[in-house]
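One structure below.
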Amino acid sequence: MHTAPVFRAAREHRSPTGGEATTVTGTMRISEGRPVVAGFFEPRTFSIQYVVSDPATRRCAIIDPVLDFEENAGATATHSADALLDYIRGEGLDVEWILDTHPHADHFSAAGYLHDVLGAPTAIGAEVTRVQTLWQEIYNLGDTLATDGSQWSHLFAAGEAFRVGSLDARVLYSPGHTLASVTYVIGDAAFVHDTLFQPDFGTARADFPGGDAGQLWDSIQAILALPEETRLFTGHDYMPDGREPRWESTVGEQKAHNPHVAGITRDDYVALRNRRDAGLPMPRLILHSLQVNTRGGRLPEPEDNGRRYLKIPLDCLDARWRG
Ligand SMILES: [Fe+2]
C-alpha cells in the first residue's frame, strides 16, 4: 500500500465563555483513495466529532457533531459545531453529508443546526425509526414526534453504498449499543462510534433500552472482519489513567490488544459486558439527549410563550440506585 507523509493538525478553539477548549489533533494521511480524517475532541462528554474529506475533490462528511448543552442552566450552544465549520471553511471543503452513527445518549447531535447552516443532507441508520417508537412511548410524545425518520434527509439501509467525493463509502449495520447504530466505512477509515473504544479501554455499553451485549459482540466481529490496516475511529475516549485523548486505532491493533475482544469468546464477552454494565450509572444526559436526538438533533418546538422545554420522565428506565 502506498504510504504518504503523515502530518498532524493541531488547533485550539476556545469558547467565548472561556471555559472549554476543543482540540483538533486528527492524524491526517494524504494518499490516493484515503480520506483525511480530522477529529475534534469535545471534553464535556468525551466525544469525538469528525470531518472526513476526500483530498482529490475537497468534499467531506461530518460525523457525529455535538450541540453543546449545560444541564445546570439548561443552556445550549454551538461552540463545538462551530469549530467544525471553522475547519471546513479554513480547508475550503464542501460538505456532502452530515451523518450520525446513532441517536446518542450522552450528548445532543448538532445535525439539525449544521443542516440549517450548510444545507447539506443529514442521515442516520434506518433503524432509527425503532428508536423513535421506543422513546416516543417513554416520553409520551404521541403525535408530536414523527416515528418515520422524516427528521433526516436520508435513512441508510444496512449495506447501503454512498460516496464522499471520489471515495467509496458504505454502511455497516452495527446494533448492540443501540437498535439503530451504524458504522460508516469511508475508504480505509471506519467510524465505529460506540462499539470499540481505544484498545486500552475496551468496548461500549449495551444496557440502554434496545441494547444487547450479544448483538454488540456480533457487530464488533463484523468490524474486525475489515482489513487489518483499516483505520478505526471511535466516538468517545475516556482517557484511562489520565492519558491524552486518542481516537484512532486499526483492526489489527484492536484484535491484538483490546481486552474485550482479544482471546475471548462471545459468551465470555456477553457475561463481561453485562457484569460491567450492571455497575454503571445511566449517562448524565440520557433523558435530555434522546428527545433531541430522536428529532434529528433538533430541540423540541417552542411552547406558546416562545420557550423550549425538555421533559424528564421519572422512574421509567431500569432506574438503578447505586449506593
Ligand atoms: Fe452512544
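Values in this text are rule-based calculations from the coordinates and carry no lab data. Since this is a predicted model, take the numbers as computed values, not measurements. Using ideal geometry, Cβ is built from the backbone for each residue, glycine included, and neighbour counts are taken over all protein chains shown.
Annotations for the structure displayed:
- In this rough spin-label picture, where each label sits 7 Å from Cα along the Cβ direction, the M239-T133 distance is 4.1 nm.
- When S109, S289, S219 are arranged by Cβ crowding within 10 Å, least crowded first, meaning fewest neighbours, the order is S289, S219, S109.
- Neighbourhood charge, 15 Å Cβ-Cβ cut-off, centred on Y113 and excluding it, Lys, Arg +1 and Asp, Glu -1: -4
- Segment R308..D268, full-extension length gain: 9.9 nm, with 0.36 nm per residue of separation and the alpha-carbon distance subtracted.
- For R273, net neighbour charge (Lys/Arg +1, Asp/Glu -1) across residues whose Cβ lies under 15 Å away: -3
- Net charge of the neighbourhood of E96, taken over other residues with C-beta under 13 Å away and scored Lys/Arg +1, Asp/Glu -1, is +1.
- Extension gain for D200 to N72 (0.36 nm times residue separation, less C-alpha to C-alpha distance): 42.9 nm.
- Relative contact order [Cα under 8 Å, 6+ residues apart], the chain, whole percent: 15
- The helix-based estimate of mean residue ellipticity at 222 nm for the chain, built from -39,500 (n - 2.57) per DSSP H run of four or more residues and divided by its residue count, is -6500 deg cm²/dmol to the nearest 500.
- Among 99-108, 80-89, 221-230, the peptide with the highest mean count of other Cβ atoms within 10 Å heads the list, and the full ranking is 99-108, 80-89, 221-230.
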